Each structure stands twice: as structure tokens, then as C-alpha cells.
Amino acid sequence: MQPAFIRLCENTMKWTYEVRPTAINYTDSNVWTWAMHAYSTNAMDTDKGIHYLIRFGSLYAYDTRSGVWTLDPGSSRNASQYWGTRAIGYFKGMGLVEATTDDATVALYNDQTKTWTTLASNLANFASGYATARYNPASNVMIFGSTAGSSLYKLTADRKVSSIPTPPVAFSINTGSGWFTEDPSGGNFIFLDKTGAIYQYDPTTNAWAAHGTSPLNAGGAGITTSIPEYGVIAYYVYGSGLWLYKANGSKCP
């Protein structure tokens, strides 16, 4: 069995198998090691219909309209061979952003010139641990950080990077330890701890606050994503099924 690249069409609610990156050797015995650990290594440019995937120091771009993958020649910004240390996210109006604990920097990618521009470097407590990056179009803010020391930073539309307060609990993005997701209904960010406790970060007040508890098995393996059209966060947790959470409102659609 080998990894699959599957796409869900929201108009028809049907799944289709898409073309996998041709530059990847799927017979490699280590293919499952990186394929089953997504972290923040995928990003979507919704304007151009380009899906980005970063793996082992290389950046792949998938054109959802033509169904063609390309291996970008200018993507190797550093020598990392470990998927967990690099996180990407697409900042609308700015471009593809990468935060990496390899060299404690955050950089902006130019898809025309195939070059990177450093936005911030020597970020405190960001030189180790797993990296994550989440962009919220509702507030036009990206939060990125590291699991080492719960170090988190905020990137705004003016390209300024600033640190944000440490979360109330140990921050983690490892499967079974915690999920960090943007809340499309209010522009905030939600961290669901493995204990089931929910915390909300408000980028306008720069503060964390307790936000209730979750009934699902928060310690299980799973994935999460936001669904802007409905203003909800979807959690799929092994053993607990699929759950929808609306952080700002009493009812899900």
C-alpha cells in the first residue's frame, strides 16, 4: 500500500484520486514515515488554485486546474531533511510563507522569481521542535511557532513579525497531543489540548482565554481543518469520529 493524494470537491461532495508528485519515490521504504505526518507542510493558494507541499527540503506545487505537479527549482532555502521542522502557510495578498526551526527564521516566497525573502530571523526559542503555521483570512493574520517552549509569533499584512503570549498550557501539534486551527467564524485561533480543554487566541487583544471543553477523544490520533463557508472547525479523531466545532455561535449549520 502506498500514500494517496485525494481531493474533495465541495460542489459535488465527491472524493477523487489526484495525481501524486512524480518526483517522489514511492517505493522508498521510508515513504510512510513522512507521508503520514502532515503537520503544517501543505498550503493552498486559492486565487491561483495552487496546492503547495513541502517535503525533505523541496517544495512541490500542484496546479489543481491542470492536474500537474512541478518541483520548484528555487525551493531549497535550507538543508533540512526533516519534515517536522518546516511549516508553510499561504497568506492572502502576500504569498507563501515558510517558518522553520532549522534556522529560526520566517520567509516569504516569490513564485515568479523562485526566491525567498527573509521577514524575520533569530527568533527567540524557535530553533528547535516541530513547526506550525496557520493563516486566518477573517483577521488577515498568520500565527506560526514551535512546540519547543511554546514559542509563538504573529505575522500581519504589513509583514511585521511579533511574539505573542505563551499559551495557558504546553503547546503541541503532535498527533494525540493537541490541535491548533484558525477559527473562520471570528478571526481568532483555537488550540484544543489533549486533555480536551479549549483555548482561544484573539490577535486583536493579543490574549489567550479559556474557551470550554471538548467531548471528543482529544488524545487520539487525528486531523483538523477549518471550513470557512460554514464558519466551523472540523476535527476527525480516530476512535471519536468527525466533529464540527463553532467557536463563536451556538449552532453549527
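Values in this text are rule-based calculations from the coordinates and carry no lab data. The model shown is predicted, which means the values in this text are computed figures rather than measured ones. Backbone-built Cβ (ideal geometry, glycine too); neighbour counts: all protein chains shown.
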PRO215: net charge of surrounding residues, Cβ under 15 Å, Lys/Arg +1, Asp/Glu -1, itself excluded?
+1
Can you tally the net charge around ILE190? Count Lys and Arg as +1, Asp and Glu as -1, for every other residue whose Cβ sits under 12 Å from the Cβ of ILE190.
-2
Using a simple charge model, +1 on the beta-carbon of Lys and Arg, -1 on the beta-carbon of Asp and Glu, nothing else, what dipole does region 40-245 show about its Cα centre, in debye to the nearest 20?
180 debye
Rounded to the nearest 0.05, what FRET efficiency is calculated for ALA210 and ASP47 with R0 set to 35 Å and r the Cβ-Cβ distance?
0.45
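Within the P(r) computed for region 40-245, what percentage of the Cα pairs occupies the region above 30 Å? Show your work: numbers first, answer last.
On the way: 3702 of 21115 pairs.
For region 40-245, the share of Cα pairs beyond 30 Å comes to 18 percent.
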Pulled fully out, how much extra length does the chain show between PHE5 and VAL169, if you take 0.36 nm times their separation in residues and subtract their Cα-Cα distance?
55.6 nm
Counted neighbours (other Cβ, 10 Å), sorted fewest up, put MET13, MET142, MET94 in the order MET13, MET94, MET142
Please report how many Lys pairs in region 40-245 have alpha carbons closer than 29 angstrom, counting only residues at least 8 apart along the chain or sitting on separate chains.
10
Once Lys and Arg are counted +1 and Asp and Glu -1 for all other residues with Cβ under 9 Å from that of ALA127, the total becomes -2
